[in-house]
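Student: Structure below; questions to follow.
The values are calculated or read from the model by the stated rules, or taken from the named source; none is laboratory data. These figures come from a predicted structure and were not determined experimentally. For neighbour counting, all protein chains shown are included, and Cβ atoms are generated from backbone atoms with ideal geometry for every residue, glycine included. Accessible surface is based on the protein model in full, side chains and every heavy atom, while ligands, DNA and RNA are left aside. Shrake-Rupley method; radii C 1.70, N 1.55, O 1.52, S 1.80 Å.
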Amino acid sequence: HPQVFIPSAKEVHFFDHEEYNWNAPDWSLYHQHFEDSLPGQIWGEATPITMWWRPAMQRVWQYNQNIRLLIILRNPITRAYSHWNMEQQRGAEDLCFIEALENEVERCRSALPQQHRVFSYINRGFYSEQLREIWRLFPREQVLVLRQEDLAESPDQVWDRIQQFLGLNHIPLVGKIHAHQRVYAEPMPKDAHMLLRRIFWHEICELQSLLGWDCSDWLED
């Protein structure tokens, strides 16, 4: 959208950066990602971990209490498999998927007192806790929560909602774009899917209550 500037790097990773001095933040380190923006453009960026990384949303609030947040949620079961697939292809994961799930808690202790960025396949999928923290900090009218399936199946409708939410001039969506997709060597193993269904059953029910969504398809085989 011509009224919006997005950095060329998809994930800026500013608010989850633990090397910075967060007692006296240097916001110029963040602003440098937007140096090529045009006058009058609003800034946006996409760093998914910001929602999950515990101190990050407090830092976002510290930066701009009037910020508008776009959140796209996907089925936590398929999200976990996608996450594992990405880490395996990057060479960061050497366990098979079911073993990675079964050993997640123990493996993630190595990152304490912080969260584990790589092996957190299950933990990242508990969205309700993350949403409650966001709503604690920001009014709900500043937060737009969308389903990934809606973006894929009805992009024009989602695009209209986003433009209205951000107060942008309406322009039509030009075609569909599939980006940041990785090839899967094989479908998710059935035993892993059954395990994740048991783990996320109550979480998905909780999300349905919080958001007024029908997420029953997330629990299908």
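Student: Run through region 1-69 and list the GluC sites (Glu not before Pro) located in a DSSP loop whose Cβ has at most 12 other Cβ atoms within 10 Å.
Tutor: Those that pass, being in a loop and sparsely packed, are 18, 19, 35.
Student: When the accessible area of region 28-100 is computed with all protein chains present and a 1.4 Å probe, what percentage of it is carbon and sulfur?
Tutor: Accessible surface attributable to carbon and sulfur in region 28-100 totals 49 percent.
Student: For region 57-115, what does the alpha-carbon gyration tensor say about shape, rounded, prolate or oblate, given a ≥ b ≥ c as the root eigenvalues, a/c under 1.5 as rounded, and a/b over b/c as prolate?
Tutor: Here region 57-115 falls in the prolate category.
Student: Enumerate the calculated ³J(HN,Hα) couplings along region 131-140 in order (Karplus 6.51 cos²θ - 1.76 cosθ + 1.60, θ = phi - 60°), each rounded to whole Hz, writing x wherever the residue is Gly or Pro.
Tutor: Running phi through 6.51 cos²θ - 1.76 cosθ + 1.60 with θ = phi - 60° gives 5, 4, 5, 5, 5, 5, 8, 10, x, 4 Hz.
Student: Please give the charge dipole size of the chain, origin at the Cα centre, charges +1 on K and R Cβ atoms and -1 on D and E Cβ atoms. Round to the nearest 20 debye.
Tutor: Rounded to the nearest 20 debye, it is 360 debye.
Student: Scan around residue 69 for amide H atoms under 5 Å from its own, H built in the peptide plane at 1.01 Å from N, and keep only partners 5 or more places away or cross-chain.
Tutor: Amide H neighbours of residue 69, under 5 Å, 5+ apart: 143, 144.
Student: Name the chymotrypsin sites (Phe, Trp or Tyr not before Pro) in region 11-84 that are in a loop by DSSP and that have at most 15 other C-beta atoms within 10 Å, would you?
Tutor: Sparse-neighbourhood loop chymotrypsin sites (Phe, Trp or Tyr not before Pro): 20, 22, 27.
Student: Starting from the Cα gyration tensor of region 74-221, take the square roots of the eigenvalues, sort them a ≥ b ≥ c, and report rounded, prolate or oblate (rounded when a/c is under 1.5, otherwise prolate if a/b is larger than b/c, else oblate).
Tutor: Prolate shape, in that a/c is at least 1.5 and a/b is the bigger ratio.
Student: Once label points are set 7 Å from the Cα along Cα→Cβ at both residue 210 and residue 148, what is their separation, rounded to one decimal in nm?
Tutor: Those two pseudo-labels are separated by 1.7 nm.
Student: On to the next question. Net charge near residue 87, counting Lys/Arg +1 and Asp/Glu -1 over other residues with Cβ under 14 Å of its Cβ?
Tutor: Spelling it out: positives minus negatives among the neighbours equals +2.
Student: Mind putting a number on the dipole of region 126-200 about its Cα centre? Charges go on the C-beta only, +1 for Lys and Arg and -1 for Asp and Glu, and I need it in Debye to the nearest 20.
Tutor: Computed charge dipole of region 126-200: roughly 220 debye.
Student: Of 125, 174, 114, which is farthest on the positive side of the dipole of region 113-194, counting Cα position, with +1 on Lys and Arg Cβ, -1 on Asp and Glu Cβ, and the Cα centre as origin?
Tutor: After comparing all options, I get 114.
Student: If you plug each phi of region 78-95 into the Karplus form 6.51 cos²θ - 1.76 cosθ + 1.60 with θ = phi - 60°, what whole-Hz ³J(HN,Hα) values come out, in order, with x for Gly and Pro?
Tutor: 6, 4, 4, 5, 4, 4, 4, 4, 5, 5, 5, 5, 6, x, 8, 10, 10, 8
Student: Right, here's the next one. Given a 1.4 angstrom probe, what's the average accessible area per residue across region 140-184, in square angstrom?
Tutor: Ligands and nucleic acids excluded, the figure is 75 Å² per residue.
Student: When only DSSP loop residues count, what GluC sites (Glu not before Pro) in region 121-221 have their Cβ near at most 12 other Cβ atoms within 10 Å?
Tutor: For GluC sites (Glu not before Pro) across region 121-221 that sit outside H, G, I, E and B with at most 12 neighbouring Cβ atoms in 10 Å, the list reads 220.
Student: Taking only the C-alpha atoms, wrap a convex hull around region 10-75 and report its volume per residue in Å³ as a whole number.
Tutor: So the per-residue Cα hull volume is 110 Å³.
Student: Any idea which of 61, 98, 143 is furthest toward the positive side of the dipole for region 54-180, if Lys and Arg beta-carbons carry +1 and Asp and Glu beta-carbons -1?
Tutor: Working it through, the farthest residue towards the positive pole turns out to be 61.
Student: Once you sort the root eigenvalues of the Cα gyration tensor of region 1-127 as a ≥ b ≥ c, which label holds: rounded (a/c under 1.5), prolate (a/b larger than b/c) or oblate (the other case)?
Tutor: prolate
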